[in-house]
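Only one structure is covered here, and it is reproduced in the block below.
Throughout, read-outs are computed from the coordinates displayed, never taken from laboratory work. Predicted model only: the values in this text are computed from it and were never measured. Methodologically, a virtual Cβ is constructed for each residue, glycine included, from the backbone with ideal geometry; neighbour enumeration extends over all protein chains shown.
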Amino acid sequence: MAATLWKDYKTVKVEKEDGITWCILNRPEKRNAMNPQMHYDMLDAITELEVDKDTKVLVITGAGPSWCAGQDLREYFRGTDDNALERRKASWASQEWRWRRLFYFPKPTIAMVNGFCFGGAFTPLIACDFAIAAEDATFGLSEVNWGIFPGGLVSRVLADAMCYRDAMWAIMTGDPFDGKKAAEMKLINYAVPKEKLRAETVSLAQKLMKKNPAVLRAAKEVYKYCRNMDYGQAEEYMGAKGTALRFTDPERGRETGMKQFLDEKTYRPGLGEYKRGAK
């Protein structure tokens, strides 16, 4: 099926194709740097896609040779220095879509890093459930080179994605590194040659779409919320979540999977998913 455009934004292009929604940062002449308008556009798009029935997997990528060069220094910083209201609005929209909405997006999310990924772009990169990059993509936290530190939650979310030594190296040297190095650091899942990047992303999305969407949503929510709980809280939360899932899953995946494995002997859980839609 050919990709179809969805809504008309000034700085973002949204395309849908076979269950995959491609949310494309679309300021290639600025290396897709994030200005206030992009934050407003992305917040609107992600909010609507949360409940869009055609969106099974969300992919964030960039137009042209860049993924995202971070915040637009002229429009986001200097352009709002003398306008407290605009700075507050832009800052709220920025944090809302780049972390809260994206991190807890109810469907699988993939960052497809096709080029430059700098500064504030690390927040949505880490907020996505998966990240695949081109081997020659360029990553970097260059803030220290021009007089600030990585803000906008970047310094905080790095602690969830990189070990202490790698994070301190990236933050304090400002040195760039490529996709292969990003994979070694566990900042991304893996890197592939650029010509294979889209195919690898589609392959992962298709694998995820074979799973029960209600179970996928519960699985990511349980992991992300439990990270900040103690063991007792996590035990109680997971017990309640498991019970809720049994009653709210329209596919009744638990019962179907156990029936196919224990009674029908038609699949093995460790080697694949149960046959969805079977009676």
Gyration tensor on Cα atoms of the stretch 4-209, a ≥ b ≥ c root eigenvalues, a/c under 1.5 rounded, else prolate if a/b beats b/c, else oblate, says oblate
Note on the stretch 121-173: contact order normalised by length, alpha-carbon pairs under 8 Å, 6 or more apart, percent, works out to 45 percent
In degrees, nearest 10, the alpha-carbon axis of helix 36-49 is tilted away from the dominant principal axis of the alpha carbons of the chain by 10 degrees
The stretch 4-209: relative contact order from alpha carbon pairs under 8 Å, six or more residues apart, as a whole percent, is 18 percent
By the C-alpha gyration tensor axes a ≥ b ≥ c (rounded if a/c is under 1.5, else prolate when a/b exceeds b/c, else oblate), the shape of the stretch 83-167 is oblate
Too long for a 22 Å Cα-Cα cut-off, among K56/K275; K13/K207; K13/K107, are K13/K207
Of all lysine pairs in the stretch 213-271 that are eight or more residues apart or on different chains, those with Cα atoms under 26 Å apart total 4
Gyration tensor on Cα atoms of the stretch 213-271, a ≥ b ≥ c root eigenvalues, a/c under 1.5 rounded, else prolate if a/b beats b/c, else oblate, says prolate
Relative contact order as a percentage, the stretch 1-123, C-alpha pairs under 8 Å and 6+ apart, gives 29 percent
Taking 185-194, 57-66, 216-225 and ranking on average Cβ neighbours within 10 Å, highest first, one gets 57-66, 185-194, 216-225
